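J.: The structure under discussion is supplied below as structure tokens; questions concerning it will follow.
The values are calculated or read from the model by the stated rules, or taken from the named source; none is laboratory data. If you're wondering where the values come from, they're calculated on a predicted model, not measured in any experiment. Backbone-built Cβ (ideal geometry, glycine too); neighbour counts: all protein chains shown. With ligands, DNA and RNA removed, areas are computed over all heavy atoms of the protein, side chains included. Shrake-Rupley method; radii C 1.70, N 1.55, O 1.52, S 1.80 Å.
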Amino acid sequence: MKLKAAPSFAQALPVWLKIGLLGFGGPAGQIALLHREVVERRDWVDDDEFARALSFCMLLPGPEAQQLATWLGWRLHGIRGGVAAGLLFVLPGLAVMLGLSALYVAHGRSDWAGPVLLGLKAAVVALVLQALLKIGKRAIKDRLAAFVCGAAFALLAFTTVPFPLVILAAGVLGWATAKDTGQPVLAGKPLKGQGKTALACLALWLAPIALAWIVAPGSTLAWMGLSFGGLAAISFGGAYAALAYIGQAASAFGWLSATQMLDGLGLAETTPGPLILVFVFVGFVGAFQAAPAEWAWVLAVLGGLMAAWVTFAPSFLWIFAGGPLFERWGRRPRPSRALSLISAASVGVIGQLALWFAIHLFFRSGQTMEVAGVLRVMLPDLASLDYAALGLTVLALMLTFATRLPMLAMIAVLVVAGVLLKATGLS
């Protein structure tokens, strides 16, 4: 496929903002949206490059979808492109999450967004399935890749094997089975200035944490910066793995109760951007509850911003420091084969995320059973089947696969349908 000419920086900005505004559905939905906007609609990068970049981002700690957006922006327009794409991917959801956190503190729990969210989630299921078919067609090129894809899906869906181990195993298998093609390898982007860029990103990431400890050592804000920042460096396995850790920390420090954590997760599901934006809720509400009354709102905003900064800033460090190395070495036979099988595994990962998402959308309750500490099975309560969610998803699938309705129009139809179902008492 012949790629179109690279867009100008000004032409790319509205696209990054659009992706940030429409990035519902967790990493699976966001990766599908990035693929649709950057590969399918505009041909700014090809499928192979997109798959390699996704493989690289799967290896990194932190929100892989934001890192993928940052990498795509960097690939097109260097550091300023990466900064723009990465920030615009997060800022809309951050603004919404800060607003919802403030409403939560002021008015308590609310389900006002339920009908809209139901339509959005149904649309996400259809978009993810569409992306799975397209990405899978490019990533699964042989029997070994198909095996790795299926194994990754099965291990993550039905066992307790951790996500990083699955990705690592796929990479090791690819490295071990690589064959030298004898073809010359093109050099990637030069590494000039990479060290200075990495140091600047590192300093910007750590500066708010250091400032909090200097100004108010041992304060809630200081401990939040240290806790969220430390987690950002080791949070392999996606948002749900990170949530388990931060939930324990929030309980230990007395920031939030378990019920409040669940409320925050529900609010995060209503926002565009990474699900890990729930950390903004933890920072906001936790700082508010721990602060003196006269400073509560100021410290709440600072807590939310601290959580966001130290969580997302490292993504720029990983991409700007690791991207040139990836470009330089990623096409050599062994790294290329390793990344190829990681791409195949990532299709299985997205499939597992889509399954998890669909089960939680279609069924209002259920349980997860573990057998011998190894096998894990999700058992939805069949009596809790949400017929409205199922019907909206069928409508979304029909609009996605049987018509050429633009994505925004399809999402609008699903949102209106969700609101109408609520208004008529059918949901």
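J.: Please go through (1) within 13 Å of Q352 (Cβ to Cβ); (2) touching a His at 6+ places or on another chain (Cβ under 9 Å) for C149 and return the number of the only condition it doesn't satisfy.
T.: The failed condition is (2).
J.: Name, by its number, the condition in (1) modelled with pLDDT under 90; (2) under 15 Å from P63 (Cα atoms); (3) in contact with a Ser or Thr (Cβ under 9 Å, 6 or more places away or on another chain) that does not hold for A250.
T.: Against the list (1) modelled with pLDDT under 90; (2) under 15 Å from P63 (Cα atoms); (3) in contact with a Ser or Thr (Cβ under 9 Å, 6 or more places away or on another chain), A250 comes up short only on (2).
J.: For region 405-427, how many residues are of a type outside the set (A, V, I, L, M), without any contact (Cβ under 8 Å) to a residue 60 or more places away in the chain and within 18 Å of L22 (Cβ to Cβ)?
T.: Count: 1.
J.: Would you confirm whether or not region 108-123 contains a residue that is assigned to a loop (DSSP other than H, G, I, E, B), of a type in the set (K, R) and modelled with pLDDT of 80 or more?
T.: no
J.: Another one. Output yes when any residue across region 258-278 is farther than 30 Å from L165 by Cα, modelled with pLDDT of 85 or more, open to solvent by 20 Å² or more (accessible area, probe 1.4 Å) and in contact with a Phe, Trp or Tyr (Cβ under 8 Å, 6 or more places away or on another chain), and no when none is.
T.: no
J.: Taking W297, is it open to solvent by 50 Å² or more (accessible area, probe 1.4 Å), modelled with pLDDT of 70 or more and in contact with a helix residue (DSSP H, G or I) (Cβ under 8 Å, 6 or more places away or on another chain)?
T.: In short, yes.
J.: Pull up region 282-294, narrow it to residues that are in a helix (DSSP H, G or I) and without any contact (Cβ under 8 Å) to a residue 60 or more places away in the chain, then point me to the one that is most open to solvent (accessible area, probe 1.4 Å).
T.: E294
Here's the yes/no breakdown for (1) open to solvent by 10 Å² or more (accessible area, probe 1.4 Å); (2) farther than 27 Å from A145 by Cα:
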| position | (1), (2) |
| --- | --- |
| S315 | no, yes |
| G323 | no, no |
| F326 | yes, no |
| I342 | no, no |
| S346 | no, no |
| W356 | yes, no |
| R364 | yes, yes |
| T368 | yes, yes |
| G373 | yes, yes |
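J.: Right, something else. Of (1) part of a helix (DSSP H, G or I); (2) in contact with a strand residue (DSSP E or B) (Cβ under 6 Å, 6 or more places away or on another chain), A388 satisfies all except one. Which?
T.: Of (1) part of a helix (DSSP H, G or I); (2) in contact with a strand residue (DSSP E or B) (Cβ under 6 Å, 6 or more places away or on another chain), only one is false for A388: (2).
J.: Please specify each residue of region 367-402 satisfying the condition of being at pLDDT 80 or above and polar (S, T, N, Q).
T.: Result: S384, T393, T400.
J.: With the requirement that a residue be free of Cβ contacts under 8 Å to residues at least 24 places away in the same chain and not hydroxyl-bearing (S, T, Y), what does region 357-368 give you?
T.: Within region 357-368, I359, H360, F363, R364, G366, Q367 meet the criteria.
J.: Sticking with this one: May I ask you to verify whether R331 is open to solvent by 40 Å² or more (accessible area, probe 1.4 Å), at pLDDT below 85 and not in a strand (DSSP E or B)?
T.: For R331, the condition - open to solvent by 40 Å² or more (accessible area, probe 1.4 Å), at pLDDT below 85 and not in a strand (DSSP E or B) - is met.
J.: Just checking, does region 191-212 include any residue being at pLDDT 85 or above, outside any helix (DSSP H, G or I) and on the phi > 0 side of the Ramachandran plot?
T.: Within region 191-212, none of the residues are at pLDDT 85 or above, outside any helix (DSSP H, G or I) and on the phi > 0 side of the Ramachandran plot.
J.: Quick one: which of L405, L339 is assigned to a loop (DSSP other than H, G, I, E, B), modelled with pLDDT under 85 and touching a helix residue (DSSP H, G or I) at 6+ places or on another chain (Cβ under 6 Å)?
T.: L405
J.: While we're here: For region 375-393, how many residues meet the condition of being loosely packed, with under 13 Cβ neighbours inside 10 Å and within 26 Å of the chain's Cα centre (by Cα)?
T.: Looking only at that region, the number is 3.
J.: Of all residues in region 137-172 being part of a helix (DSSP H, G or I) and of a type in the set (K, R), which is surrounded by the most Cβ atoms within 10 Å (Cβ to Cβ)?
T.: R138
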